[in-house]
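Beneath this line is the structure, given in structure tokens, with notes to follow.
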Amino acid sequence: MYLRETMPMRYSKFRMESSKPMETPLASNWRKEDATSREVVEATMYRKLVGSLMYLVNTRPDMCYAVNQLSQVMVRPTKLYWKAAKHVLRYLRGTTQFGLWYRRTEGVKLQGFTNLDWVGSPFDMKRISGGIFSIGSIVVSWYSRKQRSVALILGCNSSSM
């Protein structure tokens with residue numbers, strides 16, 4: 001409900017009133033660089049856009065990974081990240097009916113869910129883990145972290161075991 005009411009303002013703010021909806025928060029090959037992808041864009045507008053998306057993550061956990069990736073370049077955003085951020089806005093245009101609805105419940109139950117990407121980034125082979133924790137119907141914590149270092153796995157001889 002909130003998203004349907006506030007998104008028209010966000011689209012006009014970023015000049016995307018007539019944009020077409022997308023089916024995914026980020027394209028699978030979004031980091032593929034072209035000649036213009038390293039150009040630096042205006043950081044203030046980029047921060048406003050990513051800040052708006054960070055606010056929406058509370059009711060749209062499907063955007064957590066995309067917003068996490070976009071928030072890593074807040075100081076010097078490039079055209080590549082600006083295009084990806086606009087892609088997320090286009091995704092929101094097509095999925096306004098999605099989202100979490102927080103309501104009051106009698107039973108208070110702590111729940112947690114985690115996930116781990118064992119393959120990790122194709123660039124640095126670091127895995128990404130994430131989790132979300134809730135009390136009742138309210139999310140109280142979530143995280144998405146990239147592994148700090150890569151472990152070297154040495155072969156094992158079965159006869160030595």
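Laboratory data are not the source of any read-out in this text; all were calculated from the coordinates shown. Predicted, not measured: the structure shown is a model, and the values here were computed from it. No Cβ is skipped: glycine too gets one built from the backbone with ideal geometry, and neighbour counts run over all protein chains shown.
With coordinates expressed along the principal axes, the C-alpha atoms belonging to region 23-66 extend over 36, 26, 14 Å, beginning with the largest. In summary, the lysines within cross-link reach of Lys20, defined as a Cα separation below 30 angstrom excluding same-chain residues under 8 places away, comprise Lys32, Lys48, Lys79, Lys83, Lys86. Taking 35 Å as R0, compute the FRET efficiency from the Cβ-Cβ separation of Glu42 and Phe133 and round it to 0.05. My answer for the efficiency is 0.45.
Here Arg145 and Lys86 are evaluated by their C-beta separation; at R0 = 22 Å the FRET efficiency comes out at 0.30.
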